[in-house]
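The values are calculated or read from the model by the stated rules, or taken from the named source; none is laboratory data. Worth saying up front: this structure is predicted, and the values here are computed from it rather than measured. Here Cβ is always computed from backbone atoms with ideal geometry, including for glycine, and neighbour counts include all displayed protein chains.
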Amino acid sequence: MRLTTDPLPVPRRVAVLSVHTSPLAQPGTGDAGGMNVYVLRTALEMAQRGVDVEIFTRATSSTDAPVVKVAPGVLVRNVAAGPFEGLEKNDLPTQLCAFTAGVLRAEATHEPGYYDIVHSHYWLSGQVGWLAADRWAVPLVHTAHTLAAVKNAALAEGDTPEPPLRAIGEQQVVDAADRLIVNTEHEAAQLVSLHHADPDHIDVVYPGVDLTTFTPGDASAARAALGLPAAVPIVAFVGRIQPLKAPDVLLRAAALLPGAHVVIAGGPSGSGLAQPDGLVRLAAELGIAERVTFLPPQSQAGLVAVYRAADVVAVPSYSESFGLVAVEAQACGTPVVAASVGGLPVAVRDGVSGALVEGHDPADWAATLSRVLAADASTLSRAAGEHAAGFSWGHTVDGLLGSYGRAIDEHRGRHLPTVAARRGGRRFSMRRGVRA
């Protein structure tokens, strides 16, 4: 509990950890997705407010520069840890020691007190952040993004469960973190029930969307640019191609929607790599191959075109901590039909900006898609845009900086009374250089 009404401290410099995927990677490829967008966009927003951000990620190519200046105040540090290529996400625990060493070496080139706080994303980063924050005598803030227990409870048929190692690692990070940031109230409840997190140490911060980029536009021009048919209903799926995201559910539903055209934009990822052409074969088996367009992962401009071209965007995931695609689509004025799981009931306003579907029965999805396609398009489009307007990266960073301030304030309260040097090291428990 704070005993003062003084403003919360604001960090000068934040060390952000994103071990398994770079914020510079193209979303929709490999393990890159909404988390990559989140890390990069919040870093850019914080830098505009005078908070420097350094993002540590694992180098995945020999051509990766050790340090990339993304914008004034935002650096990406590519840390060499293990072979550049050929490592899957489940192999990365073997490289956490090497990655941690790289992070600590980077900090050691600076004066003591260089970073004011560590923010780790995903459990692998949390393991590194746990040690780095302790070494630097600064607080650790952690965002899980997904939880093993939640994913395993909602596995798609044929998908691979998360290993016990991950669940153990997640519990350790929850116990070690000064504060936990979650995307929704639902995720906060999961942390409490599954990992016994202290509710007083959890901050709910909704992800945002770039409301200047994702805007309504000319649907006909977007269809022409993408080579899509001009006069038929179009349902789009955007995301990584893997069982968790359930694009197959959309294809099976489309088979029950004569005349509807489906666009699938994304690349194989995770367990989807085992059958990279599985969706193409499924479309052929369902007899709808001529009604399906497959697109590679898209840039931001490409995503805007896909969203504008579609009459509806489908998000049929089995598990989703928030669903950034849903908000991006609505910001472009496109209604969304989404699975009623995780954070999607927050991202989509059921019956107003789109619709939620219980379960993954293709018949239920076909019926809901048909209903939304038949509804008044202008009303839905306006409602979708109004709902998305409540999510911005500015609001997200307001929440992040509030969480950082509470973490720093609480950390000071625990450690300032004992201003003792760490024997043999460079650290002191007295915090220095934090702007209040």
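Tell me, please, whether a residue that is buried (at least 22 other Cβ atoms within 10 Å of the Cβ), assigned to a loop (DSSP other than H, G, I, E, B) and in contact with a Lys or Arg (Cβ under 8 Å, 6 or more places away or on another chain) can be found in region 79-99. Among the residues of region 79-99, at least one is buried (at least 22 other Cβ atoms within 10 Å of the Cβ), assigned to a loop (DSSP other than H, G, I, E, B) and in contact with a Lys or Arg (Cβ under 8 Å, 6 or more places away or on another chain), which makes the answer yes. Given the structure, is residue 59 modelled with pLDDT under 95, in the same structural domain as residue 402 (by the TED database), more than 18 Å from the chain's Cα centre (by Cα) and crowded, with 19+ Cβ neighbours inside 10 Å? It is true that residue 59 is modelled with pLDDT under 95, in the same structural domain as residue 402 (by the TED database), more than 18 Å from the chain's Cα centre (by Cα) and crowded, with 19+ Cβ neighbours inside 10 Å. Listed conditions (1) more than 20 Å from residue 201 (Cβ to Cβ); (2) polar (S, T, N, Q); (3) at pLDDT below 95 are all met by residue 100, apart from (3). Of everything in region 122-142 that is in contact with a helix residue (DSSP H, G or I) (Cβ under 6 Å, 6 or more places away or on another chain) and outside any helix (DSSP H, G or I), the residue that is farthest from residue 197 (Cα to Cα) is 139.
Please tell me if residue 230 is out of contact with any Gly (no Cβ under 8 Å at 6 or more places or on another chain), of a type in the set (Gly, Ala, Ser) and at pLDDT 95 or above. Spell out the reasoning first.
Values: out of contact with any Gly (no Cβ under 8 Å at 6 or more places or on another chain): yes; of a type in the set (Gly, Ala, Ser): yes; at pLDDT 95 or above: no.
It is false that residue 230 is out of contact with any Gly (no Cβ under 8 Å at 6 or more places or on another chain), of a type in the set (Gly, Ala, Ser) and at pLDDT 95 or above.
When 218, 210, 198 are screened for being acidic (Asp, Glu), within 23 Å of residue 406 (Cβ to Cβ) and either surrounded by fewer than 21 Cβ atoms within 10 Å (Cβ to Cβ) or not assigned by the TED database to the domain that holds residue 174 (or both), only 198 passes.
Residue check: is residue 340 out of contact with any Pro (no Cβ under 8 Å at 6 or more places or on another chain), at pLDDT 95 or above and outside the structural domain of residue 291 (by the TED database)? Full working, then the answer.
On the way: out of contact with any Pro (no Cβ under 8 Å at 6 or more places or on another chain): yes; at pLDDT 95 or above: yes; outside the structural domain of residue 291 (by the TED database): no.
So residue 340 does not fit the description; no.
Please determine whether any residue of region 143-160 is modelled with pLDDT of 95 or more, part of a helix (DSSP H, G or I) and of a type outside the set (Val, Ile, Thr). Taking every residue of region 143-160 in turn, none turns out to be modelled with pLDDT of 95 or more, part of a helix (DSSP H, G or I) and of a type outside the set (Val, Ile, Thr). Of 265, 246, 222, 255, all but one fail to be in contact with a helix residue (DSSP H, G or I) (Cβ under 7 Å, 6 or more places away or on another chain) and within 17 Å of residue 280 (Cβ to Cβ); the exception is 265. State whether one or more residues within region 168-177 are out of contact with any Leu (no Cβ under 7 Å at 6 or more places or on another chain) and either crowded, with 19+ Cβ neighbours inside 10 Å or among the basic types (Lys, Arg) (or both). The answer is yes, given that some residue of region 168-177 is out of contact with any Leu (no Cβ under 7 Å at 6 or more places or on another chain) and either crowded, with 19+ Cβ neighbours inside 10 Å or among the basic types (Lys, Arg) (or both).
Are any of the residues in region 239-247 in a strand (DSSP E or B), at pLDDT below 95 and β-branched (Val, Ile, Thr)?
Yes; the residues of region 239-247 include at least one that is in a strand (DSSP E or B), at pLDDT below 95 and β-branched (Val, Ile, Thr).
For the condition farther than 24 Å from residue 163 by Cβ, under 22 Å from the mean Cα position of the chain (by Cα) and in the same structural domain as residue 36 (by the TED database), residue 106 does not qualify. Specify which of the listed residues (383, 367, 329, 363) is free of Cβ contacts under 8 Å to residues at least 40 places away in the same chain and not in a loop (DSSP other than H, G, I, E, B). The unique qualifying residue is 367. Among the residues making up region 283-307, those that are assigned to a helix (DSSP H, G or I) and under 22 Å from the mean Cα position of the chain (by Cα) are 300, 301, 302, 303, 304, 305, 306, 307. Cβ-Cβ contacts under 6 Å between residues 6 or more apart (or on different chains), taken from a first residue in region 392-411 that is β-branched (Val, Ile, Thr) to a second residue that is assigned to a helix (DSSP H, G or I) and at pLDDT below 95, are absent.
Taken together, the residues in region 299-341 that are aromatic (Phe, Trp, Tyr) and either surrounded by fewer than 24 Cβ atoms within 10 Å (Cβ to Cβ) or touching a Gly at 6+ places or on another chain (Cβ under 7 Å) (or both) amount to 2. Number of residues in region 248-273 that are surrounded by 15 or more Cβ atoms within 10 Å (Cβ to Cβ) and assigned to a loop (DSSP other than H, G, I, E, B): the value is 7. Residue check: is residue 180 in a helix (DSSP H, G or I) and in contact with a helix residue (DSSP H, G or I) (Cβ under 9 Å, 6 or more places away or on another chain)? Considered against the rule, which asks whether it is in a helix (DSSP H, G or I) and in contact with a helix residue (DSSP H, G or I) (Cβ under 9 Å, 6 or more places away or on another chain), residue 180 comes out as no. Close Cβ contacts (under 9 Å, 6 or more residues apart or on different chains) running from residues in region 82-103 that are over 13 Å from residue 127 (Cβ atoms) to residues that are surrounded by fewer than 15 Cβ atoms within 10 Å (Cβ to Cβ) and of a type in the set (Asp, Glu) comprise 82/91.
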